[in-house]
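Single-structure report; data block below.
All of the numbers you see were taken from the coordinates with simple rules; none came from a lab. Please read these numbers as outputs of a predicted model, since none were measured by experiment. Quick reminder, even Gly has a Cβ in these numbers, built from the backbone with ideal geometry, and neighbours come from all protein chains shown.
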Amino acid sequence: MEDSEKGIPGADGVAEVGEDAANSADQTGPNEVFTAEEQEELRTELAKVEEEIQTLSQVLASKEKQVAEIKRKLGITPLNELRQNLSKGWQEVTTSTAYRKTSETLSQAGQKATAAFSSVGTAITRKLEDVRNTPTFKSFEEKVDTLKTKMSPEGSSSELGDVSHPVPNAEPMLEQPEVMTAHDPEPH
């Protein structure tokens, strides 16, 4: 009797590439009755396949040891391999179409954001200039200037914060704990 007549997938009874071995085993369920001869053939085939798997595992282990020894002789460490893999991977990423498109998109977005911020900055500057030219702000500016003139012992019209002409015997504001008026005596 041929294997295909027994319900076993593939000509040699082995699941084909891409087939799930569990699914192919389920096709010949426990309800199917085999003759003693067929069961013996299946057991023989099972033993043969298990032996091949064992042999292949041993060969693989041997080859892995051989690779490790060659790498050791060449001075290739796991860290070096990781670096090479990362470098190669990064190179593949940066040359990919998706990366280039994303990079271009982000660059364009950055340029647009820069233009938008510049535009907002210009608008704010214009608005501040408009506010400074309003009568309310000019009145406030005049009051500050008047207050500055009154507080200056010399009546100087120098700009606030101008330290090129310091007031004689003036102490820094941080060191004066209380505000003095024209009627207060000199501090001790």
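Assorted remarks:
- Some residue of the stretch 115-131 being part of a helix (DSSP H, G or I), at negative phi, touching a helix residue (DSSP H, G or I) at 6+ places or on another chain (Cβ under 8 Å) and surrounded by 10 or more Cβ atoms within 10 Å (Cβ to Cβ): yes
- Beta carbons closer than 7 Å, at least 6 apart along the sequence or on distinct chains, pair a first residue in the stretch 43-71 that is in a helix (DSSP H, G or I) with a second that is surrounded by 10 or more Cβ atoms within 10 Å (Cβ to Cβ) and of a type outside the set (S, T, N, Q) for E45/G13.
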